[in-house]
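Have a look at the structure below, then the notes.
Nothing in this text is a laboratory measurement; each read-out follows from the coordinates by a stated rule. Keep in mind that what you see is a predicted model, and the values were worked out from it rather than measured. A quick note on method: Cβ atoms are made from the backbone with ideal geometry, for glycine too, and the neighbour counts reach across all protein chains shown.
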Amino acid sequence: MRTQVAIVGAGPAGLMLGHLLRSEGTDCMVVERQSPEYVLSRIRAGVLEQVTVGLMERLGLDARLRKEGLVEEGFNLADGERLIRIDVAELTGKTVVVYGQTEIQRDLMEAAPSRGLEVVWEADEVALHAIDSDAPFLTYRKDGAEHRVDARFIVGCDGFHGPCRKAVPATAGRSFERVYPFGWLGILADVPPCHDELIYANHERGFALASMRSHTRSRYYIDVALSERIEDWSDDRLWDELAVRLGPEAGARIVRGPALEKSIAPLRSFVFEPMRYGSLLLCGDAAHIVPPTGAKGLNLAASDVHYAAEALVAYFRRNDADAIAGYSDKALARVWKSERFSWTLTRLMHRFPEDGPFERRMQVAELAYVAESRAAQQSIAENYVGLPV
Ligand code: APR
Ligand code: PHB
């Protein structure tokens, strides 16, 4: 078959891009390795910046998000004794919306058939060909048959482990990476949140985050050494640890319940440059990873998709090749600022095993500065709500 844009991956990046292109009259289709059920079973951060909310609104897919999402006017940094509230609404005039990424995924998937967005699920052995030409194509296997999709562009929305980034010749790309010496152990439970805003805590026993999905569903995390095994963390042990790390006030308000999901995820900062090679564009986790501190992953995917859709539509409407040529620099400028923020907040809120007394004093001083300085709070707030696209 033939299309204008072949998209690899039906995560949030691939589906948001597919819907945007369809809404602008550009032909596209999506190939995804997994089944719809598998894709909907992935649990990920759920704090939406304006760019993501705005994109869903532009697509006319924001009804449920407006109804069920929790509008958050601030969040908190805890330093073991006190809560330092960052009044995001007052400092920036903007808010974020707490709405699970799984729900965004569901909204995008459910709208696909009625909007004419074709998604091929369970496509095996997706491979890219001739990406350095004007006539790239994809091949994949499904139900025992080999298929071919000819396109003018391929967009890699296939996450960190997908084939698209790997199709760029080694001499044409460069990776930047930092792997962190701990992971986040997360628990999802049907219990009311301990606080109506998120709390990121730096306690002497380690990091903790109190987050939520709704008024009745909570999401909590602690950081653990990468050698820890999930089997060693009973629900009780995890609730006990959260109660200590979140500090006396929030800790006392935790409502415990059985885990709906519990897992350990590693933390990584990663950027691949450039985000375009020939007729291949990369969006989302295919091109970059942020540690979850600050919840920038999905929002960065949304801003990439915004720039990519703009460039592709300009190309097909006005034959504007410069728009395609400019995609990578435009997207990377915002990516690196989000990488900086995620890295800084991770550095501030975690006890790194290699840290000595000097590094610890730096954290104490920085948290004290943030607590006292409106300028410091404003800088954190404007990054948290999301820098402009
Ligand atoms: N062929 C087809 N599809 C593939 C292949 C492949 N070989 N490899 C991976 N994929 C699919 C995955 O199954 C997944 O559904 O690509 C999709 C990538 O989706 P995500 O991993 O969700 O990445 P992205 O859409 O960029 O979303 C970014 O989601 O992962 C979080 O932290 C991330 O919040 C951020 C957001
Ligand atoms: C989450 O709710 O899962 C979440 C929230 C904020 C983060 C990371 C994860 O920074």
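Run the numbers on the chain and let me know its relative contact order in percent, using alpha-carbon pairs under 8 Å that are six or more apart. Each step should come with its number before you reach the end.
Values: 793 pairs, mean separation 80.2, N = 389.
21 percent.
Quick one: what do you get for segment 138-259 if you divide its Cα Rg by 2.2 N^0.38 Å?
Here the answer is 1.55, to two decimals.
With respect to the cross-link table entries LYS166/LYS330; LYS94/LYS296; LYS94/LYS262; LYS296/LYS330; LYS67/LYS337, which display a Cα-Cα separation exceeding 24 Å?
LYS94/LYS262; LYS67/LYS337
Based on DSSP H runs of at least 4 residues, each adding -39500 (n - 2.57), what is the mean residue ellipticity at 222 nm of the chain after dividing by all its residues, to the nearest 500 deg cm²/dmol?
When only DSSP H runs of four or more count, the value is -11500 deg cm²/dmol.
Applying the Karplus parametrisation 6.51 cos²θ - 1.76 cosθ + 1.60 with θ = phi - 60° to the phi angles of segment 342-357, what ³J(HN,Hα) value in whole Hz is obtained for each residue in order, glycine and proline being reported as x?
Coupling constants for segment 342-357: 5, 5, 5, 5, 5, 4, 6, 9, 10, 8, 7, x, 7, 5, x, x Hz.
Suppose we take every Cα in segment 103-149 and form the convex hull; what volume per residue is that in Å³?
Working: hull volume 5.5 nm³, N = 47.
Here the figure is 117 Å³ per residue.
Please give the charge dipole size of segment 68-155, origin at the Cα centre, charges +1 on K and R Cβ atoms and -1 on D and E Cβ atoms. Round to the nearest 20 debye.
Charge dipole of segment 68-155: 160 debye, to the nearest 20.
Using a 10 angstrom cutoff on alpha carbons, build the Gaussian network for the chain and name the most mobile of VAL290, VAL126, VAL96.
Per the Cα network of the chain with a 10 Å cutoff, VAL126 tops the list.
Taking a label point 7 Å from the Cα of PHE176 along the Cα→Cβ vector, which residues of segment 253-271 have an amide N closer than 20 Å to it?
267-271
When the chain is fully extended, how far beyond the present Cα-Cα distance does LYS262 get from ALA89, taking 0.36 nm per residue of separation?
Length gained, LYS262 through ALA89: 59.1 nm.
Cβ neighbours within 10 Å, averaged per peptide: list 342-350, 160-168, 172-180 in order, most packed at the top.
Working: 342-350: 20.1, 160-168: 18.6, 172-180: 12.9.
Answer by packing, highest mean first, reads 342-350, 160-168, 172-180.
Please work out how much length the chain gains when fully extended from VAL244 to ALA130, using 0.36 nm per residue of separation minus the C-alpha to C-alpha distance, in nm with one decimal.
Here the segment from VAL244 to ALA130 would lengthen by 35.5 nm.
Run the dipole for segment 217-323 about the Cα centre, Lys and Arg Cβ at +1, Asp and Glu Cβ at -1, nothing else charged, and hand back the magnitude in debye, nearest 20.
280 debye
Given the options GLY284, GLY69, GLY80, which has the most mean-square fluctuation in a GNM of the chain, springs set between C-alpha atoms less than 10 angstrom apart?
In the Gaussian network model the winner is GLY80.
Rg and Dmax of segment 25-173, using alpha carbons, in Å: what are they?
Final numbers for Rg and Dmax: 19.8, 62 Å.
Just to verify a number: FRET efficiency for SER23 and MET1, C-beta to C-beta distance, R0 = 22 Å, to 0.05? Before the final figure, lay out each step's value.
Working: r = 21 Å, r/R0 = 0.96.
Efficiency at R0 = 22 Å is approximately 0.55.
Dipole of the chain, Cα-centred, from +1 at each Lys and Arg C-beta and -1 at each Asp and Glu C-beta, to the nearest 20 debye?
In total the dipole reaches around 360 debye.
Provide the descending list of Cα extents for the chain along its principal axes, expressed in whole angstroms.
Computed over the chain, the largest-to-smallest principal extents equal 61, 40, 40 Å.
Can you give the local net charge around PRO136? Use residues other than it whose beta-carbon is closer than 14 angstrom to its beta-carbon, Lys and Arg +1, Asp and Glu -1.
+1
Can you give me the convex hull volume of the Cα atoms of segment 263-372, divided per residue and expressed in Å³?
132 Å³
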